[in-house]
Amino acid sequence: MTKRTKLEIINDLLVAIQEKGGQIKPTHLMYRANLSNKLLHEYLDELSDKGMLERVTTSSTIIKITDKGYEFITQFKKMREFQAAFGL
């Protein structure tokens with residue numbers, strides 16, 4: 001088994017949120033993306049800073065994917081298809 005790249009982890013996070021209807025609790029996301037709590041929060045901070053997701057805090061925290069996050073998923077899929085087409 002090979003280690004995931006940073007882009008693969010980001011894609012896994014965003015797809016996990018997308019599959020839950022565009023929003024998810026942090027603990028559920030941590031399990032779905034198979035990350036430690038520390039790594040999850042590092043990625044959440046970075047993706048939040050880049051505008052790909054947002055944290056909504058009321059009585060609990062909810063992570064929501066943004067339009068920019070959906071665009072990342074689309075472009076990542078195209079990149080994978082390109083790599084596969086050329087055997088890279």
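Contact map, the range 1-27: residues that are farther than 19 Å from Thr61 by Cα paired with residues that are surrounded by 15 or more Cβ atoms within 10 Å (Cβ to Cβ) and of a type in the set (Asp, Glu), Cβ distance under 9 Å, separation 6+ or inter-chain. Pairs shown: Arg4/Asp12. Looking across the range 8-34, the residues that are more than 9 Å from the chain's Cα centre (by Cα) and surrounded by fewer than 19 Cβ atoms within 10 Å (Cβ to Cβ) come down to Glu19, Lys20, Gly21, Gly22, Gln23, Lys25, Pro26, Thr27, His28, Tyr31, Arg32, Asn34. For the range 16-46, a residue qualifies if it is in contact with a Phe, Trp or Tyr (Cβ under 9 Å, 6 or more places away or on another chain) and not small (Gly, Ala, Ser), and the qualifying residues are Gln18, Leu35. Just the residues that are touching a strand residue (DSSP E or B) at 6+ places or on another chain (Cβ under 8 Å), among the small types (Gly, Ala, Ser) and either modelled with pLDDT under 95 or surrounded by fewer than 13 Cβ atoms within 10 Å (Cβ to Cβ) (or both), please, taken from the range 35-88. Those that are touching a strand residue (DSSP E or B) at 6+ places or on another chain (Cβ under 8 Å), among the small types (Gly, Ala, Ser) and either modelled with pLDDT under 95 or surrounded by fewer than 13 Cβ atoms within 10 Å (Cβ to Cβ) (or both): none in the range 35-88. Among residues of the range 46-68 being touching a Leu at 6+ places or on another chain (Cβ under 8 Å) and outside any strand (DSSP E or B), the one that is nearest to Gln23 (Cα to Cα) is Thr66.
When the range 1-22 is limited to residues that are among the polar types (S, T, N, Q) and farther than 11 Å from Phe72 by Cα, the one that is modelled with the lowest pLDDT turns out to be Thr2.
The values are calculated or read from the model by the stated rules, or taken from the named source; none is laboratory data. Nothing here was measured: the structure is a model prediction, and the numbers come from that model. No Cβ is skipped: glycine too gets one built from the backbone with ideal geometry, and neighbour counts run over all protein chains shown.
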